[in-house]
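Enquirer: Below you will find the structure I want to go over with you.
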Amino acid sequence: MISKLKYFSDNGFVKLDNLLDHERCAELYHNLKNNRNWGMNLFQSEKEFLDEFKDKPFKKINPGKGIQNLIDEYNMDFVEQNDSVIQVLNKVLGFNYEIMLSKFVVAVPEKWMPDYVKKRKVKLESNFNQYMKKEYRNVTYFRGIDYHMDSIDWENQDNQFITMYIYLNKVDKFMSPLNIIKKSHIHGHSSFPHFIKDHPTEKYLEYSPDNKNFNKFDKHMLLGEAGSVFLWTGNTLHGSAPSLSEKENFRISLRYLIKKNKNSEGLLDKIVKQKTVGSTRAEIPGYKEILTK
Ligand SMILES: O=C(O)CCC(=O)C(=O)O
Ligand SMILES: [Fe+2]
């Protein structure tokens, strides 16, 4: 365990294989798969979408804590009360940590997508929930997401938190795995869109917190069996590519955001020194021209 914690300190993320009962995770996955008829019928029509969002921003379309959240229908003690999980979280965050949010995340296969969504979705930037029928917005749907830090949703709020991401089924490279940028937390929080020069065919990209000094950072794909647990800091860059899986077993994952109690001490104090998230989004004129793809 000590070596895993050292890895987390050095790299801003870690994979923990043997914390959870893999069978319980697989069971939950099968249960979730039977929760609804996963597929194209989850989407609303283009007309419904346009009518709903004509003069309204995309707000409150995702699960919140205790709000339109499928996780509230499940007993998650096998994760949250698991001794090994608690032990790790006590080391990383100290005592009295707080679960800010927990939810299920679904990676949408291409074959589910109505044509109008395919046409609109030229960018990977955000989730899909605005296209889903209201009653299905109790999980978050993704089909790839740009590199971001999870601090993006917490403008001017506590920065000392982690994401705990759990795969509920086996995830291979065709199932929209998360892609983590190793050590990218070292400069702390920076606003979105990030100054990244990606080299899609290489194992690294270049990142600068301020568009001045670019350094190389390694990409690391998160693959794993059902029950794999991943931790990363709120300032660790990560993204995912669209799901390329034709397999029926699309990815459903479990995502927790967990923050440190201000009065506790944990490993995170040494890794994430910046206490408060600053501004999260910036308008950068000419951004597209600056960065090469
Ligand atoms: O699951 C994904 O595709 C992206 C998830 C992600 O970045 C997040 O939930 O913070
Ligand atoms: Fe994220």
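Enquirer: Which fully enclosed helices (runs of 4 or more DSSP H) of region 65-163 have 1 or more residues being under 29 Å from F8 (Cα atoms)? Spell out how you get there, then give the answer.
Expert: Numbers: elements: 77-80, 83-93, 115-120.
Here the list reads 77-80, 83-93.
Enquirer: How many residues are more than 23 Å from S126 (Cα to Cα) and loosely packed, with under 14 Cβ neighbours inside 10 Å when one looks only at region 49-79? Before you say what the answer is, go through the steps one by one.
Expert: We begin by selecting, within region 49-79, every residue more than 23 Å from S126 (Cα to Cα); these are 72-79.
Subset that is loosely packed, with under 14 Cβ neighbours inside 10 Å: 73, 75, 77.
The total comes to 3.
Enquirer: Note down all Cβ pairs under 6 Å where the first residue falls in region 138-158 and is on the phi > 0 side of the Ramachandran plot, the second is of a type in the set (S, T, Y) and within 12 Å of ligand 1 (Cβ to nearest atom), and they're at least six residues apart or on different chains.
Expert: The qualifying pairs are G144/S240.
Enquirer: Which residues, counting only those in region 233-268, are among the charged types (D, E, K, R), under 30 Å from P109 (Cβ atoms) and either more than 13 Å from ligand 1 (Cβ to nearest atom) or at pLDDT 95 or above (or both)? Working first, answer last.
Expert: Step one: of region 233-268, the residues among the charged types (D, E, K, R) are 246-248, 251, 255, 259-260, 262, 265.
Restricting the remaining residues to those that are under 30 Å from P109 (Cβ atoms) gives 246-248, 251, 255.
The answer is E246, K247, E248, R255.
Enquirer: Could I ask something else about it? Does region 59-95 hold any residues that are more than 25 Å from L32 (Cα to Cα) and among the aromatic types (F, W, Y), and which are they?
Expert: Across region 59-95, the qualifying residue is only F95.
Enquirer: Follow-up. Look at Q157 and say whether it is surrounded by fewer than 17 Cβ atoms within 10 Å (Cβ to Cβ) and modelled with pLDDT of 90 or more. Quick ask: steps written out before the conclusion?
Expert: Details: surrounded by fewer than 17 Cβ atoms within 10 Å (Cβ to Cβ): yes; modelled with pLDDT of 90 or more: yes.
Yes.
Enquirer: In addition: Being crowded, with 19+ Cβ neighbours inside 10 Å and touching a residue at least 60 places away in the same chain (Cβ under 8 Å) is the filter here; which residues of region 196-207 pass it? If you could, list the steps in order and put the result at the bottom.
Expert: First pass over region 196-207, keeping only residues crowded, with 19+ Cβ neighbours inside 10 Å: 196, 205, 207.
Within region 196-207, just I196 meets the criteria.
Enquirer: Give all pairs with beta carbons closer than 7 Å in which a residue from region 160-181 that is at positive phi meets a residue that is within 12 Å of ligand 1 (Cβ to nearest atom); count only pairs at least 6 apart in sequence or on separate chains.
Expert: As it stands, the answer is S176/A107; S176/G144; S176/S240; S176/A241; S176/P242; S176/S243; S176/R251, since those pairs meet every condition given.
Enquirer: Let me ask another. Select from region 9-48 the residues that are of a type in the set (K, R) and either part of a loop (DSSP other than H, G, I, E, B) or more than 21 Å from the chain's Cα centre (by Cα) (or both) and write down the one among them that is surrounded by the fewest Cβ atoms within 10 Å (Cβ to Cβ). I'd like the intermediate steps shown before the answer.
Expert: Here is the first cut: in region 9-48, the residues of a type in the set (K, R) are 15, 24, 33, 36, 47.
Subset that is either part of a loop (DSSP other than H, G, I, E, B) or more than 21 Å from the chain's Cα centre (by Cα) (or both): 24, 36, 47.
Working: R24: 15, R36: 14, K47: 9.
Residue satisfying both the conditions and the ranking: K47.
Enquirer: Could you please find all residues in region 238-250 being of a type outside the set (G, A, S) and more than 9 Å from ligand 2 (Cβ to nearest atom)?
Expert: Passing the criteria: P242, L244, E246, K247, E248, N249, F250.
So that you can scan it fast, the table gives a plain yes or no per residue for (1) of a type outside the set (S, T, N, Q); (2) touching a Pro at 6+ places or on another chain (Cβ under 8 Å); (3) closer than 30 Å to G266 by Cα:
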residue	(1), (2), (3)
M76	yes, no, yes
I86	yes, no, yes
L89	yes, no, yes
K111	yes, no, no
P114	yes, no, no
S126	no, no, no
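The values are calculated or read from the model by the stated rules, or taken from the named source; none is laboratory data. Everything quoted here is computed from the prediction, not taken from an experiment. No Cβ is skipped: glycine too gets one built from the backbone with ideal geometry, and neighbour counts run over all protein chains shown.
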